[in-house]
1. What order, most packed first, do the peptides 260-269, 407-416 have when packing is the mean number of other Cβ atoms within 10 Å of each residue?
2. With a 10 Å radius around each residue's Cβ, average the other Cβ atoms per peptide and rank 176-183, 275-282, highest first.
3. Add +1 for every Lys or Arg and -1 for every Asp or Glu among the other residues with Cβ under 13 Å from the Cβ of Leu70, and state the total.
4. So the label point goes 7 Å from the Cα of Ser427 along Cα→C-beta, right? Which residues of the range 354-396 then have their backbone N under 16 Å from it?
5. With r defined as the distance between the Cβ atoms of Arg383 and Asp326 and R0 fixed at 45 Å, what FRET efficiency is calculated, to the nearest 0.05?
6. Beyond 33 Å, what percent of the Cα pairs of the chain remain?
7. If packing is taken as the average number of other Cβ atoms within 10 Å across a peptide's residues, how do 134-140, 435-441 rank, most packed first?
8. Starting from the Cα gyration tensor of the range 274-327, take the square roots of the eigenvalues, sort them a ≥ b ≥ c, and report rounded, prolate or oblate (rounded when a/c is under 1.5, otherwise prolate if a/b is larger than b/c, else oblate).
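We did not get these values from a lab; they are worked out from the coordinates using the rules stated. For clarity, every value in this text was computed on a predicted model and none was experimentally measured. Every residue, glycine among them, receives a Cβ derived from its backbone with ideal geometry; neighbour counts consider all protein chains shown.
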Amino acid sequence: HDAVTHTAGCLTAAGIRPGDRVAVLSENCLEYTQVQLAAARLGAIVACLNWRLTAPELAYCIELVEPTLLLVSERHVALRAATGSEVEHHQLGAFLKAGPGYLDVPAPDVDPECGLLLLYTSGTTGHPKAALISHRAEIARMCALRLDLGLAATDTYIAWSPMFHMGGTEHTLAALMSGGSVVVIDGMDADAVVDALAQFQIGWLLLVPATIEPVLARLEARQVVPRGIRMVGCMADLVPRDLIVRASTRLGAPFLNSFGSTETGMPPASADAIPIGTIPENLGKRLSSLCEVRIVDARDLDVEPGEPGEVLVRGPTLFSGYWNADRVNSSEFRYGWFRMGDLFKAVPDSRFEFVGRTKYLIKTGGENVYPAEIERVLLADSRIVEAAVVRRPDDRWGEVPVAFVARTGSELSASDVLELCRSQLASYKCPKDVLFIGESEFPRSVTGKIVREDLERLLPVPSVASVESNP
């Protein structure tokens, strides 16, 4: 409380007023969270800048939100300078040390709809978009975590994910609002994570696919038994099935079967978990608390059960729109509903199955093929560590699917991959080519998503044999 009050005094002395933006360019550190809580007290908004961006990309993000003040850690001073931004800036640690000392800053009457955070998302427009998240949304997201994941006030959260992501910032704030504690780690340090697992009762251990193996390896090497974990993982569709089993078994926690976004928080479909040591038969999601969903066609009409359609979401966890993006907001908000751009279908047992993105589908011979349907089959095989399906133009079928695969060993052949798909998918959904590349060769956005358009550029000219059959 004293640290946050001091930080609020520093911001006030620097001229920060309600509604002003304070941009932060820093690795994970305690001061980052202090600034966010101090801004909440003042009614200001923190723009969480992505230090993985190039200087021109970062310059765009700064200009987009027009901050009054830019706070930068010592590590990223050179990057800030390279942006050429003329926004008033200070080194984060020095700014707090040189502040006016303890000021009794009165908390203003902040409306729940006032903005609290600006988190940048990958954009289909070619530039990042800044999602504005309100006080109301942050509180509701904390409540959804408590309701659906069973988190308690005694739980600890390990904040290793960058604080320019919701994984670092949002869940840190949620844990603090719950009365819990947070271990702040400067990026994925497997040994630091294991240290925390040995010392604290963990609520949700956020692990994305690339971080699961390192943590498991250090647990084994150090023979550490976690003190207790209520939930582990992330969106299970992205994780090979055998790794889900190994992680849940070794960590003694169910594996989270989630689907959410920066714009919606953990909702709309994160109320399910895969039991410990269980190979999931399917990855259908359960509707999160505090939200409503519709699955609609291109005319915004509800589709029949089992038919794919775009997900519309509404509820208190929803963000307030993209900053300075009226045209995008008018397109993606309809009648109080937000268009996620993700395709789902309702399946039995009141579940929702992820199909893919509206922005990327493969139209082959008059049929729609969604990459996620094929990737789910590929990633379920323990011989495959990463996979992505893209479209390739074809004179006969219009487009055909092609799979890029990273494998654990050279024993897996293209024929094996095709047979795997044929055994579980309709023939028109099966890849017409399989290309093997290394796991590190998959092109990714700054938020870690595979960029399919970049993979398309790696495609060789198709041979006649590769596309001769598409019954």
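1. Peptide ranking by packing, descending: 260-269, 407-416.
2. The packing order, highest mean first, is 176-183, 275-282.
3. It works out to a net charge of -3.
4. Residues 364-367 qualify, since their backbone N sits under 16 Å from the label point.
5. That pair, Arg383 with Asp326, gives E of 0.40.
6. 40 percent
7. Highest to lowest by the protection proxy: 134-140, 435-441.
8. It is oblate, given that a/c is not under 1.5 and a/b is not larger than b/c.
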